[in-house]
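The values are calculated or read from the model by the stated rules, or taken from the named source; none is laboratory data. Everything numeric in this text was worked out from a predicted model, so none of it was measured. Because the Cβ atoms are built from the backbone with ideal geometry, glycine has one as well, and the counts that use them run over all protein chains shown.
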Amino acid sequence: MRKIMASIDIGTDSIKLVVGEMFRNKLNILASLYEPVLGMEDGLVINDNDFKESLKRAISKADDIIGIPIKQVIISIPPRDLEFSVITGEIEITNDNHVVTGLDISKVFKEALHGQIKEGKEYINLLPTSFTVSDGRKVRDPKGLSSETLKARGILITAPQRNIYPILVSLEKLGLDVLDISLSSIGDYYEYKIDEMKDNSGIIINIGHESTDVSLFNKGILTNINSINVGAKNIENDLMYIYKIDSTVARDIKENLGLSYVRNAKEENTVEVTDKYNDHIVINQLEVSKIIQSRIEEILNLCKKQINILTKKEISYIIITGGLTENRDFKLILNKIFKDKAIVGRVSELGVRHNRYGSSVGLIKYYDEKSRLKDKEYSIYSIEEQQALGGYDLDEENDSSIVKLFKNFFG
């Protein structure tokens, strides 16, 4: 079976939807799209109809690209009002040879969760930190080990039901089955992770539209998130206020004229726009870049303060992501604030080479690893639908990833 999954990263100003296929531990992108979202504010649904229509547009566009309707999705939600707690569970291994299986892992997770979800809260994630077998060994994946018992320890993440249910209800009304709920921070980690990160502590910063999330990871496990109520939208607001222009023009100037750092900005690079009073004004790159740099400096300095609040431990890596990091010369301002201690994460998959997609791409990788831990296979499409989608022998394992990718696109 081909492992095809659709993920939706729900932000405060946009929906990022990615459909991908895992093949030999590599992700091939079958579809990706970015759709503005209405009805969201500060990470919460404030208008059910507007939000549902935004989702409907995104799903419809993805269906057109793939050619087969999407019926199942995994989603990431804005990290608002989260609670983190450590939980444990233990079961007996009851099969004849006492060998731990994926089914046993599912059972010990269920046991660990029993009675742990508080009233008014909704389960988001259970991130396993370790498994212990009966001889006392602690391992990350106990499958195949001989043991009389299996203990699990993990981080439980919950959020208020009022944050989650409006999203789930809208998806249900559109005929979509939500297979898993996660967080954009987890998607970011799985998109940018390298082997060295799984044994160290680090920070991932996602500069979003309305807010910036600073996430702490310890040995590959998300342990806390602090959010700052400032993001790319503040830059656009600055430009709107100073030049008396509307939001669309402000965003265009931010992305296509301004630089993140003034070093390479030129006064002679200009653009003529119409302001709110229908007057024609000329805006130059140097002035705009000073405005942008000032706000980015504020965001990054606030992030440094949040890192100190989150942990006193040594940090081995700091990764910055989010759409704003695509702005020209962002690395220059990042180096000014963080020196050589931080890097910009880069989405490298063909078809989604923009950092706005980092969370949704990584979410598919996360779900694939989660499924493999439990010895499960998944796909949003049946065998018959996969045949219609790809038009090639599904049992053929000799195709390279790139060959499969182009077969998917061109049949």
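Mind checking whether some residue in segment 254-265 is modelled with pLDDT under 95, touching a strand residue (DSSP E or B) at 6+ places or on another chain (Cβ under 7 Å) and either assigned to a strand (DSSP E or B) or surrounded by 20 or more Cβ atoms within 10 Å (Cβ to Cβ) (or both)?
The answer is no; no qualifying residue exists.
For segment 211-264, what are the residues that are farther than 30 Å from Ile194 by Cα and in contact (Cβ under 8 Å) with a residue 40 or more places away in the chain?
First pass over segment 211-264, keeping only residues farther than 30 Å from Ile194 by Cα: 233-254, 256-258, 262-264.
Hits for segment 211-264 are Lys233, Asn234, Ile235, Asp238, Leu239, Ile242, Tyr243, Lys254, Gly258, Arg263, Asn264.
Just to be sure before I move on: is Arg356 assigned to a helix (DSSP H, G or I), within 24 Å of Ile253 (Cα to Cα), at pLDDT below 95 and not hydroxyl-bearing (Ser, Thr, Tyr) in the structure I sent? Spell out how you get there, then give the answer.
Details: assigned to a helix (DSSP H, G or I): yes; within 24 Å of Ile253 (Cα to Cα): yes; at pLDDT below 95: yes; not hydroxyl-bearing (Ser, Thr, Tyr): yes.
So Arg356 passes the test.
Just need a number here: residues in segment 14-73 that are among the charged types (D, E, K, R) and either in contact (Cβ under 8 Å) with a residue 60 or more places away in the chain or not in a helix (DSSP H, G or I) (or both). Reasoning before the result, please.
Initially, segment 14-73 is screened for residues among the charged types (D, E, K, R), giving 16, 21, 24, 26, 35, 41-42, 48, 50, 52-53, 56-57, 61, 63-64, 71.
When the remaining residues are screened for being either in contact (Cβ under 8 Å) with a residue 60 or more places away in the chain or not in a helix (DSSP H, G or I) (or both), the result is 16, 21, 24, 26, 35, 41-42, 48, 52, 56, 71.
Number satisfying all stated conditions: 11.
List, please: which pairs have Cβ atoms under 8 Å, are six or more places apart or on different chains, and start with a residue in segment 280-306 that is among the acidic types (Asp, Glu) and end with one that is surrounded by fewer than 20 Cβ atoms within 10 Å (Cβ to Cβ)?
Glu287/Glu267; Glu297/Lys336; Glu297/Ile337; Glu298/Val230
Can Lys276 be described as part of a loop (DSSP other than H, G, I, E, B), basic (Lys, Arg) and not assigned by TED's automatic domain parsing to the domain that holds Asp42? Before the answer, list the steps.
Details: part of a loop (DSSP other than H, G, I, E, B): yes; basic (Lys, Arg): yes; not assigned by TED's automatic domain parsing to the domain that holds Asp42: yes.
Yes, satisfied.
Results for (1) closer than 20 Å to Tyr366 by Cα; (2) crowded, with 18+ Cβ neighbours inside 10 Å; (3) among the basic types (Lys, Arg), shown as yes or no for each residue.
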| residue | (1), (2), (3) |
| --- | --- |
| His98 | no, no, no |
| Glu119 | no, no, no |
| Asn125 | yes, yes, no |
| Arg140 | yes, no, yes |
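Can you give me the number of residues within segment 193-210 that are modelled with pLDDT of 95 or more and over 18 Å from Thr311 (Cβ atoms)?
1
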